[in-house]
């Protein structure tokens, strides 16, 4: 039996995932303005309708393509695979609904299609992922899916919020997504591990994980109005990496 690289993959991403969590933690603790609350929610509803699992096709296109494959069930398409895909897409849409409901409360009016916002750092993230997906490397493609969601770290932090009505609404939405996604990275790590045949393969995946995860941190920082100066954020990432290297147990869920 070959080496189990799953934990190495998780360890590579953890410092950046925890940085995402710290960004959210600082943002919510900093008494954000209404405009700042609206900004991250507008960015979030865009992301929920454009999940990476569809490889940048958008949720509506993925749903349409899945519907067109209905007649393939139990012929060329496993009913279990179809059911899993349908559940995944349904979950993504319900995540959009949850955050759009919170945004509607913040704005004090119905949410409009123009409220969906793709920020510049998100565009960079999508471009980076697209390059890996189109690289022809199955390992890099696997790294893209493994990094999606950032280990559910911001949802873990958001679910802890308490206080007023807005905080309660955010916490409920965050908890719903966290409950749906908290174990996804573990399943993904095992799936990616099955594709690794050597240390060289593992390094290809780890390099892609680090590049994507670092850009995710930039994306979250912009989304949450840069609550941590860049130098401090880099120090935080390095400190978590040092803790992992020294064998310190870092919370993984």
Residue 212 modelled with pLDDT of 95 or more, buried (at least 17 other Cβ atoms within 10 Å of the Cβ) and outside any helix (DSSP H, G or I): no
Subset of region 172-204 [surrounded by 19 or more Cβ atoms within 10 Å (Cβ to Cβ), over 14 Å from the mean Cα position of the chain (by Cα) and at pLDDT 95 or above]: 173
Residues satisfying the stated conditions in region 218-235, i.e. part of a helix (DSSP H, G or I) and buried (at least 17 other Cβ atoms within 10 Å of the Cβ): 218, 219, 220, 221, 222, 223, 233
Residue check, residue 241 closer than 30 Å to residue 104 by Cα and assigned to a helix (DSSP H, G or I): no
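The values are calculated or read from the model by the stated rules, or taken from the named source; none is laboratory data. Bear in mind that the values here come from a model prediction, so they are computed numbers and not experimental data. Glycine also receives a Cβ, built like all others from the backbone with ideal geometry; neighbour counts cover every protein chain displayed.
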